[in-house]
Amino acid sequence: MRSPRSDKGKTQITDRDITVLTWVGEQYAVRLDSLQQLLGREAVQETVIPGLVGEPGAHRVVKRWEQEGLVASRKFFYRKPHWVWLTSKGLSQMNLDFKTREPKVSMLNHYHDVNEVRLLFETQLGTAAVWHCERAMRKEHQGDKVFHIPDGEIHYQDAVYAVEVELTQKSTKRTAGIVRKLAAQYDGIWYFVNDITRRTVEPVVTQVMGEQAANVKYHDISKIRRSTTP
């Protein structure tokens, strides 16, 4: 009689799990609709809607991860999707040297917008572009009061670009200080803005950077949201 397998009854972690969990850990927290895209992108079998796992399927995956203690999830807002983030065990298992924490409600919309921007870059540019997350940069530049940490960093075509998702209006003085630092640190800046924040950012960029303002590109965040929704 054969002995029972030592892994009988245990959840099997797939390559897709590792890829998606690592992505989630890098981005602080991910909303379920973005997670559906991530799971669909990494699916081994063809999905009903190309590039998208259905909501019930995504919930099943999250439940499996929760049973293994890899993630926590919570529905923060009425009639809005759940949010998912890695536990300390999940971060450790994905070899991510970050501290675990439940996301702050005040940061959720910003996290979602940054996640959608990263999804867009990876969908349109594929492996030609490499995203470096804010969380890693905070670890690398801990204690550095000179370096300004953007919302993300894109390594593309032998250049490095700062990615800023600017949807809350800042003062002209503060914006100028940020632009000045980013211009010194990066080959260019990609701003994702709405109508209000662009009216603040663009004149400051022109004033601070002069001719180098051509290295700054602006993108309408509302179009980004539409283009990342299958």
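Gain in length, residue 212 to residue 142, computed as 0.36 nm per residue apart minus the alpha-carbon separation, to one decimal in nm? Kindly include the intermediate steps, with their values, before the conclusion.
Numbers: separation 70, 0.36 × 70 = 25.20 nm, distance 2.85 nm.
Length gained, residue 212 through residue 142: 22.3 nm.
Label point 7 Å out from residue 99 along Cα-to-Cβ: which residues of segment 128-164 have amide N under 16 Å?
135-144, by backbone N distance to the label point.
Sort segment 70-170 into rounded, prolate or oblate with this rule: let a ≥ b ≥ c be the square roots of the eigenvalues of the Cα gyration tensor; rounded if a/c is under 1.5, and if a/c is not under 1.5, prolate when a/b is larger than b/c, oblate otherwise. Please list the in-between numbers first.
Working: a/c = 1.44, a/b = 1.30, b/c = 1.10.
Rounded shape, in that the Cα axes give a/c under 1.5.
For segment 6-147, which whole-number percentage of the solvent-accessible area (1.4 Å probe, protein heavy atoms only) is attributable to carbon and sulfur atoms?
Numbers: 4070 of 8220 Å².
Of the solvent-accessible surface of segment 6-147, carbon and sulfur hold 50 percent.
Which trypsin sites (Lys or Arg not before Pro) in segment 19-75 pass both tests, a DSSP loop state and at most 16 other beta-carbon atoms within 10 Å? Working shown, then result.
Values: sites: 31, 41, 60, 63, 64, 74, 75; in loops: 75.
Sites meeting the loop and neighbour criteria: 75.
What percentage of all Cα-Cα pairs in the chain are separated by more than 32 Å?
On the way: 6578 of 26335 pairs.
Summing the P(r) tail past 32 Å for the chain gives 25 percent.
Less than 13 Å from a label point 7 Å out along the Cα-to-Cβ axis of residue 55: which backbone N atoms in segment 27-46 qualify, by residue?
32-34, 36, by backbone N distance to the label point.
Quick check: residue separation of residue 15 and residue 170 times 0.36 nm, minus the Cα distance between them. What number comes out in nm? Intermediate values should be presented prior to the final figure.
On the way: separation 155, 0.36 × 155 = 55.80 nm, distance 4.15 nm.
So the chain would gain 51.7 nm between residue 15 and residue 170.
Kindly report the accessible area of the chain per residue (heavy atoms of protein chains, probe 1.4 Å, no ligands, DNA or RNA), in Å². All intermediate terms of the calculation are to be shown ahead of the outcome.
Details: 13560 Å² over 230 residues.
Per-residue value: 59 Å².
Report the Cα centroid-to-centroid distance between segment 121-164 and segment 51-91 in angstrom, as an integer.
With segment 121-164 and segment 51-91 each reduced to a Cα centre, they are spaced 25 Å.
The values are calculated or read from the model by the stated rules, or taken from the named source; none is laboratory data. The structure displayed is predicted, hence computed values, not measured ones. Please note: Cβ atoms are built from the backbone with ideal geometry, for glycine as well, and neighbour counts cover all protein chains shown. We work out accessible area using only protein heavy atoms, side chains counted, and drop any ligands, DNA or RNA first. Shrake-Rupley method; radii C 1.70, N 1.55, O 1.52, S 1.80 Å.
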